[in-house]
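Note sheet for the following structure.
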Amino acid sequence: MAKNKRRIVVLGGGFAGTGCIRKLESYFRNDEEIEIVLISEDNFLLSTPMLPQVASGMAEARHIITPIRAICKKTTFYEGQVSSIDPHGRIVNLRRTGRKRGIGVRYDFLVIALGSKTNFFGMKDVEKHAHTMKTLNDALVLRNKTMDMLEQSETEFDPIHRKSMLTFVIVGGGFAGIETAGELMDLLIDARKHYPGIREDHISVIVVESGPTIIPGFGEKLAKFAYGAVVKRGIDVRLNSAVTGFNGIEAAIKKLSGEGAGQEEVVRTNTLVWTAGVAAADAIRNSILKTERGKLVVNEFLELSGFPGVFAAGDCALCINPETKRPFPPTAQIAEAQAKTAAANLHALIRNKKKAKFDYRAKGHMAIIGKRAGIATFMGRNIVGFWAWILWRNMYLSRIPGTEKRIRVLLDWTIDLFFGRDVSRMDVMKKPRSVGFRETEEQDIW
Ligand SMILES: Cc1cc2nc3c(=O)[nH]c(=O)nc-3n(C[C@H](O)[C@H](O)[C@H](O)COP(=O)(O)OP(=O)(O)OC[C@H]3O[C@@H](n4cnc5c(N)ncnc54)[C@H](O)[C@@H]3O)c2cc1C
């Protein structure tokens, strides 16, 4: 860093991190005194709401990611895994893939946008056997597992084994869970034409949600409607229920409240997808920063108390909505809105201006629940079915940066209208990263 330059470091290349960088680049475009740095473990922005479509084969994996270097052109990008943050020393410690030495990156101002980690609530058996739906690898692994289950069950004579191969349990009735369930159902039903031995009633997709409603971000009325629409698609939704164990072949589901409270049922399944529960990213847990419910506690300016100039945005930030007195939910729209406020407040701080409070008015919420069906609230109206699905597609297509990737996704969707599912199983199975981030004792300071 040049001597009199001040450095802004943004951690995380998701919706919040890249959104923040884009704003910062526009504020400091002609300012030679400010250096902007982005650190993320992947060198691309992943459109997470489209992950279930990669799992179902509706969209190609490479089409839902955009290289960070194509989005953030005036920023220094570091591909590395943040291992800890030292807010007193104003330094971020990184692990990298190709070096024996770690790196410490100094900062003057910091934005933490590291998203969140899946929380298995200490259930080691679930952690060991469950699939997750957070990364591109997760989506590809689930797709190949599903194809494998179809292949195996087609030639399986034991009806009990066949049933458990064709039973898919999704834990969590939020966006990730419901969209994954809808896409899986579509894939299974569409792929059936290649598997004459599998009948529709052999297939079950079960969603287990601990709360009294699915997609709690929707108002009560729409959430009720969403429930009805998902059930109508043939998905078995178990509300007020929790998965208490999974050994790879059997899942224990406990009713938490209502009729039959306390009862436990064992469901035979080979595939359980865990989308529930949020824990702080390891880098945050390894630091002295204050967390609550696995998130960084921020004030109304999205700043961490006690550390002026350090902001948090997106899924890793716990920010209370002054109207509802509840935390803002973890959504892509809120992550983007917080990124803009964090960038504006950093700009205000550097220019000695007044910071602005995070003020969020939702334009709408939307989710897709399967083939050509969605649910949405948009400009105060509840929309369901085909038009909600179109709205979802438009909204998330516009979120993909760059025309090229948008056209590619649009082509994937168009092709799906005319041709059947590709049922090839690629040999991508659960495997650790081939080039892991290295644990190092020595480090260079940059
Ligand atoms: C399957 C699925 C479907 C969803 N559907 C919807 C939907 O329909 N609508 C909606 O509004 N929201 C949806 N969401 C939620 C939405 O995707 C998130 O709220 C949003 O991605 C949050 O953005 P973020 O930038 O805070 O976090 P993320 O997008 O998770 O980004 C975090 C970034 O930090 C990086 N990172 C993490 N740890 C480290 C580390 N130690 N070192 C370096 N880099 C690190 C990650 O690689 C990533 O780039 C969905 C989420 C999932 C998983």
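Here, each number is a calculation from the coordinates, and none is a lab measurement. Every value quoted in this text rests on a predicted model; they were computed, and no experiment measured them. For neighbour counting, all protein chains shown are included, and Cβ atoms are generated from backbone atoms with ideal geometry for every residue, glycine included.
Would you please name the trypsin sites (Lys or Arg not before Pro) within the stretch 174-229 that are DSSP coil residues with at most 13 other C-beta atoms within 10 Å of their C-beta? Mind dumping the intermediate values first?
Values: sites: 192, 193, 199, 221, 224; in loops: 199.
Listed in order of number, the matching sites are 199.
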Next on the checklist: Lysine pairs in the stretch 124-276 with Cα distance under 20 Å, only those 8 or more apart or on different chains: how many are there?
Outcome noted: 11
Checklist outcome for this item: Result: in the stretch 256-365 the number of Lys pairs with C-alpha under 17 Å apart, spaced 8 or more or on different chains, is 7
Next on the checklist: Kirkwood hydrodynamic radius, computed over distinct alpha-carbon pairs, for the chain: how many Å, to one decimal?
Outcome noted: 23.0
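For the stretch 273-341, take N as its residue count and report Rg(C-alpha) divided by 2.2 N^0.38 Å. Could you put the intermediate results ahead of the total?
Values: Rg = 12.0 Å, N = 69, 2.2 N^0.38 = 11.0 Å.
With N residues counted in the stretch 273-341, Rg over 2.2 N^0.38 Å equals 1.09.
Where does the chain land at 222 nm, in deg cm²/dmol rounded to the nearest 500, when only DSSP H runs of n ≥ 4 count, each adding -39500 (n - 2.57), divided by all residues? Don't jump to the answer; show the numbers that get you there.
Details: 12 runs with 138 residues, N = 446.
That comes out to -9500 deg cm²/dmol.
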Item to check | Rounded to whole Hz, the Karplus (6.51, -1.76, 1.60) HN-Hα couplings of the stretch 356-369, x for glycine and proline | outcome: 10, 6, 6, 10, 10, 10, 5, 6, x, 10, 8, 8, 9, 10
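For the stretch 124-276, compute Rg over Rh where Rg is the Cα radius of gyration and Rh is the Kirkwood radius from the inverse mean 1/r over Cα pairs.
Numbers: Rg = 15.0 Å, Rh = 15.7 Å.
For the stretch 124-276, the value is 0.96.
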Item to check | Stretch gain in nm, segment residue 353-residue 249, where the contour uses 0.36 nm per residue and the Cα spacing is subtracted | outcome: 31.5 nm
